Amino acid sequence: MTLYFTRDHEWVRVDGEIATVGITDYAQGQLGDVVFVELPVIGDSVAAGKEAAVVESVKAASDVFAPLSGEITKVNEALVDEPGLVNSAPEAAGWFFQLQLSDPRELDGLLDSAAYQAFVATL
Amino acid sequence: MSQSDNEDDIPPAVLPLDGWHRAMGARMVPFAGYMMPVQYAPGILAEHRQTREAASLFDVSHMGQLLVSGEGSAGALEAVTPSDIAGLAQDRLRYSLLLSATGGILDDLMITHRRDGFYLVVNGATRIDDIAHLREELSDDITLNHMDDHALLALQGPQAMAALERLAPGVGRLGFMTAGAFELLGSAAWISRSGYTGEDGFEISLPASHAEALADALCAQPEVAPAGLGARDSLRLEAGLPLYGHDLDEDTTPVEAGLSFAIARRRRQDGGFPGTERIAFELSEGPARRRVGLLVEGRQPVREGALLLDIEGDEVGHVTSGGFSPTLGRPIAMGYAPATLAEPGTRVSLAARGKIFTAEVAAMPFVPHRYVRQGDPS
């Protein structure tokens, strides 16, 4: 299992052809208290770089982009009743959705942990 | 994920408490021409709850504090507002409106009758325009002091009085919408029992040079923690209080906005304020649209800019403020609806972000006000 990141502050845990996606601790800190998450529908096709979910904080709505293309296989139902999991456990229990990759070559375009940390340091 | 951009041509100015906010861990954002704290480490939800349960300290020094003095000041202010200023007793304050010739709202403000003149507090974003407007409308023998050297702090919440009484003994004797001069940490302060949260609380005007000492002394009280603009907005939304530039603007009239109470009875009869005719018409015939509260179904907030639709799906109104209510645990909003759809209980549709939401018109406030009308005589 490998952990990747995007410059849009999503993390991706890839296990074979299944990818689990969430937002990073940096992102949840920037957002503030999350009050609602709009998740994709199982079976939906998502394209890398396109909006896949919406996270609403007290102040504003933010798009969460699909880091990779594929079909949604699971969504985190726990976020319906407990959107605050995104703040308290962004890289664990606060995951958003899982997808079956349609093009694993897209992984080449993602950042590893060191590159993401370096990127965040510039912000 | 996407992040919003802030585009300001003129770099924001700095509040007297800027360094203090940063030292307290505030996240600063540009607002009303200043860098201001939107939240501190606890976050907006915690700061909101702190205010409803104990007491929060807000820096509202971005707001315009003005002192209008000179002979004829009361009459001069009556020429630009629909208020009874001549009859405003000393040490009392009143919510008022600056009106345009067509009866539109240029700003909402508080006016206090003090011994040294009329003390006005106007919105930060409209401060410059308000000063220009007043300077034009008030005759030259009326002095307009911009009070640039003063800070304004708001202490709000059910424990506010207990905390402030330790620093300003006797402040508990003030009732809601009354004010007085107090010595606070060796400085002359003007304190009114008023606020923008629906809770009991106080607004404290004092020399900017003393603001940091006061902020430290207040936050040293066990009941008090600092709170930022984010919580200020969610609190006032729950309280049903309009925000100028969003729920009120030059195209809204006091009657449409549900602010008829700000039009004094004597002034309704005598007129003599801008927009008299439009307002008289709406008072007698009713306005075509009304500001309404909206309880949004589901959990997703519906925000400013969302459209209000009638049963045919036609746009008949819009949302002017919206967000999540921490006290109610659900999304709430404010907007304008046709008078025919403005009755509490009416179900309406809202369109936002390519989706349709259902909402129910609700009376405001969403969370009851808890003003302390009578001060404690002891």
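The values are calculated or read from the model by the stated rules, or taken from the named source; none is laboratory data. Please read these numbers as outputs of a predicted model, since none were measured by experiment. All Cβ positions, glycine included, derive from the backbone under ideal geometry; neighbour counts span all protein chains shown.
Pairs linking a residue in segment B:13-27 that is within 16 Å of residue B:43 (Cα to Cα) to a residue that is part of a strand (DSSP E or B) and modelled with pLDDT under 95, with Cβ atoms under 6 Å and 6 or more positions apart or on different chains, do not occur.
Across segment A:60-86, the qualifying residues are those that are polar (S, T, N, Q) and surrounded by 21 or more Cβ atoms within 10 Å (Cβ to Cβ), and the one among them that is nearest to the other protein chains (Cβ to nearest Cβ) is A:62. Going by the structure shown, is residue A:39 surrounded by 16 or more Cβ atoms within 10 Å (Cβ to Cβ) and more than 12 Å from chain B (Cβ to nearest Cβ)? The answer is no for residue A:39.
As a summary of the residue check, residue B:158 satisfies the conditions (1) touching a Pro at 6+ places or on another chain (Cβ under 7 Å); (2) assigned to a loop (DSSP other than H, G, I, E, B) except for the one numbered (1). Only one of the numbered conditions (1) surrounded by fewer than 20 Cβ atoms within 10 Å (Cβ to Cβ); (2) touching a residue at least 60 places away in the same chain (Cβ under 8 Å) is not met by residue B:213, and that is (2). Among the residues examined, residue B:320 does not qualify as among the polar types (S, T, N, Q) and more than 26 Å from residue B:109 (Cα to Cα).
To keep it simple, each residue is scored yes or no on (1) in contact with an Asp or Glu (Cβ under 7 Å, 6 or more places away or on another chain); (2) under 30 Å from residue A:67 (Cβ atoms); (3) outside any strand (DSSP E or B); (4) at pLDDT 95 or above.
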{"site": "B:1", "(1), (2), (3), (4)": "yes, yes, yes, no"}
{"site": "B:8", "(1), (2), (3), (4)": "no, no, yes, no"}
{"site": "B:20", "(1), (2), (3), (4)": "yes, no, yes, yes"}
{"site": "B:35", "(1), (2), (3), (4)": "yes, no, no, yes"}
{"site": "B:42", "(1), (2), (3), (4)": "no, no, yes, yes"}
{"site": "B:45", "(1), (2), (3), (4)": "yes, yes, yes, yes"}
{"site": "B:49", "(1), (2), (3), (4)": "no, no, yes, yes"}
{"site": "B:58", "(1), (2), (3), (4)": "no, no, no, yes"}
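Scanning segment B:281-312 for residues that are away from chain A (no Cβ under 14 Å) and at pLDDT 95 or above yields a total of 18.
Candidates are the residues of segment A:87-106 that are touching a Pro at 6+ places or on another chain (Cβ under 9 Å) and more than 20 Å from residue A:36 (Cβ to Cβ); the one that is surrounded by the fewest Cβ atoms within 10 Å (Cβ to Cβ) is A:106. For segment B:343-351, state whether one or more residues are of a type in the set (Asp, Glu), touching a residue at least 40 places away in the same chain (Cβ under 8 Å) and more than 25 Å from residue B:51 (Cα to Cα). No, the conditions are met nowhere in segment B:343-351. For the criterion of being within 14 Å of chain A (Cβ to nearest Cβ) and either without any contact (Cβ under 8 Å) to a residue 40 or more places away in the chain or buried (at least 16 other Cβ atoms within 10 Å of the Cβ) (or both), residue B:50 passes. Please work out if residue A:119 is among the hydrophobic types (A, V, I, L, M, F, W, C), more than 11 Å from chain B (Cβ to nearest Cβ), farther than 30 Å from residue B:231 by Cβ and surrounded by 20 or more Cβ atoms within 10 Å (Cβ to Cβ). It is false that residue A:119 is among the hydrophobic types (A, V, I, L, M, F, W, C), more than 11 Å from chain B (Cβ to nearest Cβ), farther than 30 Å from residue B:231 by Cβ and surrounded by 20 or more Cβ atoms within 10 Å (Cβ to Cβ). Taking the conditions exactly as written (more than 14 Å from chain A (Cβ to nearest Cβ), surrounded by fewer than 15 Cβ atoms within 10 Å (Cβ to Cβ) and touching a helix residue (DSSP H, G or I) at 6+ places or on another chain (Cβ under 6 Å)), does residue B:55 satisfy them or not? So residue B:55 does not fit the description; no. Filtering A:24, A:73 for residues that are hydroxyl-bearing (Ser, Thr, Tyr), under 25 Å from residue B:230 (Cβ atoms) and either modelled with pLDDT under 95 or within 15 Å of the chain's Cα centre (by Cα) (or both) leaves a single hit, A:24.
When residue B:195 is tested against (1) of a type outside the set (A, V, I, L, M, F, W, C); (2) buried (at least 21 other Cβ atoms within 10 Å of the Cβ); (3) touching a residue at least 60 places away in the same chain (Cβ under 8 Å), only condition (3) is not met.
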